[in-house]
Structures are given as structure tokens and as C-alpha cells.
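Asks: The structure is given below, and queries will be raised subsequently.
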Amino acid sequence: MLETPGAVLPLNYWPVMVYGLIAIAFGIVTITIGYFFRPSKPSQSKLSPYECGCPPVGDARERFSVKFYIIAMLFVLFDLETVFMFPWAIDFKALGAFGFYEMLVFIFILMVGYVYAWKKGALDWD
Amino acid sequence: MLLQTGFIYFATVIVVCALMVITRKNPVHSVLFMLPLFFHVAGIFIMLNAEFVAAVQVLVYAGAIMVLFLFVVMLLNIQKERVRPRVGLKWTFTAPLGLTLFGFLVAILVRSQYNGTQGSFTIEAVKQIGNSQAIGQVLYTDFLFPFEVASVILLVAMVGAIVLAKKRLD
């Protein structure tokens, strides 16, 4: 019989699925129960976004500054750098000195980008 | 049986979510439909016994890429984007392009040969040494060059993002 990779189900992951289902069910159940029991008397001021604050001005769906985008992009890239470090850290002893130096090269190349971002002022907010 | 049911469930949700992403008028809704999509892709990876890839899928895609997409959407003028129909936009140009790509994928699928030969990393072997350990053993030895190239690609992305975004600011 030809064995495909999925033929052996990782059944030790089923609690994760159960957990996800319980989380979704909890959200649905609590909101539904609340819907049946809460009094519903909507008014103009109650439905406004900030019920007890200043009257809202303009629209919440405004355009954001591009500064957020730079921060998010840098976050994603350094996040990926960390992802590469996880299997390396686990295999650190098996890989030996060679593994250490190849990761140094990897980090050095990304450090160039980090220094570039710093010098360009991409990390400054103003 | 369990395997087929699981795969059909994950695949259906992925396809439905993907269709929702490209047909929603509000870009924010499109991005939010990507979230269940990413989680179900992670589910398919789990079913393939690729635990590390599944974890990375959730961490990077559902965590980081999603945020990036939301930021990009918020850079747009949503009120203006909302009234523009998603399907039917330059249809005569995009449809042949998409169909050609689809044809390529089908051709690859049909021409590929599945003879069932296995490498040294079978499911049993991977389970023996551990999923992340197996990836580390191969990635940092046999695939050393692609690994270092990955850092250069990340550097290019970093510099590109800063150049594109900073030019607007200054």
C-alpha cells in the first residue's frame, strides 16, 4: 500500500481542535444567551460609539499614516528571522560550531538591514 | 475515513474563504476572511504531520502577515474602495491571465509522477527525531545556501519597504 504523508493522522493534536471548537461555541452561546435576556431599548445617544464621552467627529475609517506600515513590515521581517532561529536553537548542539557561524552570517546580513532602518530613521516616530 | 472528512472540511473552508476574500466589497472584510483561511491551511499542515510548518503558518501568517494586510488596507481610502466592484474590474484583461495560470497548475498536476518513493525522512523517522529537529538537521546542512539566501531576501524586503515608505514621508 502506498503511504501518503497524511495517512498517519497526528491524533495528539485533537485537543487543539476541541479547544478551538469550545472557544467558538463559547462566543456564540454567550452572545445568544445575552440576546434573549438583555433589555433592548436603543436610542440615538446609546448607539453612538462613545456613549459617555464627547460627540464623535468624522469617520473612524480614516486613512492611517504610512509610519504604521513601516513598523509592521519591520515586525514581520524580524518575526521571520526568529522563526529561522527556532529549529537552529533546538539543533544547536548537533550542528556544532559550523551551525553557530552560519547563523552569525544570517544575523549579520539582517543586521545590515537593521542598521539601515535605524540610520534612515524608520524607527523614529516623527 | 477520518482523514478524508478532515481534508474535505479544511479544503472547503479554505476555498470558500478565498472566494469571500476576492468578492467582498469592503477590503477590511476581505482581510478578515483571510484569518480563518490561514488557520485552516495550518490544519492541513497538521494533517500532513508538518507540525513546525503549521506553527509557523499560525505565527507568521495569522499573526504577522494579517496585521500587515490590515495596515495596508487602512492606508487606502476605504470609502472610495467600497463603491468599486471587486469582480468585473478590468475583467477582459485579468480573466485570460488567471485562466492561463490555472492551466499551468493543471498541467503541472497532470504531468507530475507519483511513484511513491520515499526519502530518508519518513513519518516514522520524523516522529523519532522530532519535527523541528528534523527541519533543523536538513535546513542548516543540506540547504545552507537557500537558508542564507533567505536572509538576503528579507534584507531586500526591509530596504524596499523603507525606501518606498520613507520617500512619501520626507
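Read-outs throughout are calculated quantities, based only on the coordinates presented, and are distinct from any laboratory measurement. Not measured: the values here are computed from a predicted model. Cβ: placed from backbone, ideal geometry, glycine included. Neighbour counts: every protein chain shown.
Asks: Regarding region A:40-126, what whole-number volume in Å³ per residue does the convex hull of its Cα atoms give?
Replies: Working: hull volume 14.9 nm³, N = 87.
In region A:40-126, the Cα convex hull volume per residue is 172 Å³.
Asks: Here is a further query. Within chain A, what's the longest run with no chymotrypsin sites (Phe, Trp or Tyr not before Pro) in a DSSP loop and at most 11 other beta-carbon atoms within 10 Å? Give the range, please.
Replies: That gives A:51-124 as the longest site-free run.
Asks: Continuing with the same structure: Could you name the lysines whose alpha carbon sits less than 29 Å from that of B:LYS25, not counting residues in the same chain fewer than 8 places away?
Replies: A:LYS46, A:LYS67, B:LYS80, B:LYS90
Asks: I would also like to ask the following. Using +1 at the C-beta of Lys and Arg and -1 at the C-beta of Asp and Glu, which of A:THR30, B:VAL58, B:THR23 has the Cα lying farthest in the positive direction of the dipole of the protein assembly as shown?
Replies: B:THR23
Asks: Continuing with this model, one more query. With the crude spin-label approximation of a point 7 Å out along Cα→Cβ, what separation in nm comes out for A:CYS54 versus A:ILE107?
Replies: With each label point 7 Å from Cα toward Cβ, the separation is 4.7 nm.
Asks: Using each residue's phi in region B:122-130, evaluate 6.51 cos²θ - 1.76 cosθ + 1.60 at θ = phi - 60° and report the 3J(HN,Hα) Karplus result to the nearest Hz, with x for Gly and Pro.
Replies: Working through the residues one at a time gives 7, 4, 5, 5, 5, 5, 5, 8, x Hz.
Asks: Using only Cα atoms, what is the ratio of the radius of gyration of region B:1-130 to 2.2 N^0.38 Å?
Replies: Values: Rg = 18.6 Å, N = 130, 2.2 N^0.38 = 14.0 Å.
Ratio of Rg to 2.2 N^0.38 Å for region B:1-130: 1.33.
Asks: Please give the Cα centre distance for region B:21-58 versus region B:141-166, rounded to the nearest Å.
Replies: Here the two parts' Cα centres lie 24 Å apart.
Asks: On to the next question. Can you tally the net charge around A:GLY99? Count Lys and Arg as +1, Asp and Glu as -1, for every other residue whose Cβ sits under 15 Å from the Cβ of A:GLY99.
Replies: Around A:GLY99, the charge tally is -3.
Asks: Tell me what chain A gives for mean residue ellipticity at 222 nm when only DSSP H runs of n ≥ 4 count, each as -39,500 (n - 2.57), the sum divided by the residue total, rounded to 500 deg cm²/dmol.
Replies: On the way: 3 runs with 78 residues, N = 126.
It lands at -22000 deg cm²/dmol.
Asks: Over chain B, what is the mean sequence separation of C-alpha contacts under 8 Å (at least six apart), divided by residue count, expressed as relative contact order in percent?
Replies: Reported as a whole number, the value is 19 percent.
Asks: Next up: Check every DSSP H run in chain B and write down those whose alpha carbon atoms cover 20 angstrom or more along the long axis and whose mean Kyte-Doolittle hydropathy is -1.0 or greater. Spell out each step's value before the answer.
Replies: On the way: long enough: B:2-23 (32 Å, 2.18); B:27-47 (31 Å, 1.86); B:91-111 (29 Å, 1.62); B:144-169 (38 Å, 1.73).
The answer, listed by residue number, is B:2-23, B:27-47, B:91-111, B:144-169.
Asks: While we're here: Under 10 Å, Cα contacts only: if you run a Gaussian network model on chain A, which one of A:VAL18, A:VAL115, A:VAL66 comes out with the highest mean-square fluctuation?
Replies: A:VAL18
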